[in-house]
1. Could you tell me which of the residues Ser169, Ser184 is modelled with pLDDT of 90 or more and either of a type in the set (Ser, Thr, Tyr) or in contact with an Asp or Glu (Cβ under 6 Å, 6 or more places away or on another chain) (or both)?
2. Among the residues of region 97-116, how many are touching a Ser or Thr at 6+ places or on another chain (Cβ under 9 Å) and within 30 Å of Val161 (Cβ to Cβ)?
3. If you check Glu139 against the conditions, is it touching a strand residue (DSSP E or B) at 6+ places or on another chain (Cβ under 8 Å), farther than 30 Å from Lys222 by Cβ and at pLDDT below 90?
4. Of all residues in region 127-144 being among the aliphatic types (A, V, I, L, M) and closer than 23 Å to Ser167 by Cβ, which is surrounded by the most Cβ atoms within 10 Å (Cβ to Cβ)?
5. Quickly run through region 151-206 and pick out the residues that are polar (S, T, N, Q), closer than 16 Å to Phe219 by Cα and surrounded by 16 or more Cβ atoms within 10 Å (Cβ to Cβ).
6. Could you check Asp91 against (1) surrounded by 13 or more Cβ atoms within 10 Å (Cβ to Cβ); (2) within 29 Å of Lys156 (Cα to Cα) and say which number it fails?
7. If I filter region 38-91 down to residues being small (Gly, Ala, Ser) and in contact with a strand residue (DSSP E or B) (Cβ under 8 Å, 6 or more places away or on another chain), which single residue comes out as modelled with the highest pLDDT?
Amino acid sequence: MKSLSVTTSSDSTGPSGGGGYATSDTGGDLTGGNGTGASDTGASSTSSKLPAIPCEVRRDLFEYGGIFEGDPRKMLDSELAAKPPNFGLTDKQIERNMPGIVCGPGISANGWWRGGKETDLEYLLRVQGVAKWLWTLNEGNALIITHGKFLDTLLKVLLEVPDPLESTSCRSNTVFLHGGCAFSCLEFDQETKKIGVMYLNQPIIAESKLRTGHKIGGFSLKQW
């Protein structure tokens with residue numbers, strides 16, 4: 001059986017519009033990126049270099065909406081559009097924050113984001129694109145670090161759950177909650193095109209105060 005194991009982690013360090021990165025032990029090239037973990041938030045830089053494995057910032061792993069000012073649950077689209085745009089960190093700022101990481105296509109001296117809030121359709125198409133990309137990876141292992149709502153939608157797209165988007169204008173009949181600093185693992189069988197859910201929300205740190213919870217679709221995973 002040719003298979004790929006993809007481990008995902010919800011990053012608790014960034015606000016709405018936070019980034020994501022991907023790494024692999026297959027030696028394959030991982031493309032794309034939006035800012036890493038907290039790098040698009042202006043967080044302080046890390047002091048140690050990343051492991052000597054391919055690790056690339058992907059511009060399509062960011063949280064629902066992108067970087068924008070205001071609360072879409074309480075504001076009209078016209079009010080959100082009137083807010084000043086935020087383009088996120090530049091490629092040099094990201095690379096300085098995380099020495100050894102590579103910025104993928106679309107991340108430049110002008111930042112990684114176009115400014116403003118993406119639409120629900122743009123978001124869903126982006127998640128579907130990531131799902132298709134995962135199937136193109138070679139057999140081996142890959143790690144994706146992104147955000148809770150994005151992981152919820154990505155799982156539903158991969159598992160073919162009807163109406164995968166949970167937003168102010170859409171309601172899904174299924175939600176997958178992801179606590180911060182925890183791993184979830186999927187196995188992709190390239191021959192049968194089946195996906196196995198190996199585990200969800202496995203803590204990777206012992207200190208509970210660092211493991212944030214998650215709220216989505218009326219459900220709440222408390223800090224654990």
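1. Ser184
2. 3
3. Yes; evaluated as a whole, the condition is true for this residue.
4. Applying the filter and picking the extreme gives Val127.
5. Answer for region 151-206, where residues must be polar (S, T, N, Q), closer than 16 Å to Phe219 by Cα and surrounded by 16 or more Cβ atoms within 10 Å (Cβ to Cβ): Thr153, Ser167, Ser172, Asn201.
6. It fails just one condition, (2).
7. If we take residues in region 38-91 being small (Gly, Ala, Ser) and in contact with a strand residue (DSSP E or B) (Cβ under 8 Å, 6 or more places away or on another chain), then Gly88 is modelled with the highest pLDDT.
The values are calculated or read from the model by the stated rules, or taken from the named source; none is laboratory data. Everything quoted here is computed from the prediction, not taken from an experiment. Here the Cβ is made from the backbone with ideal geometry for all residues, glycine too, and neighbour counts use every protein chain on show.
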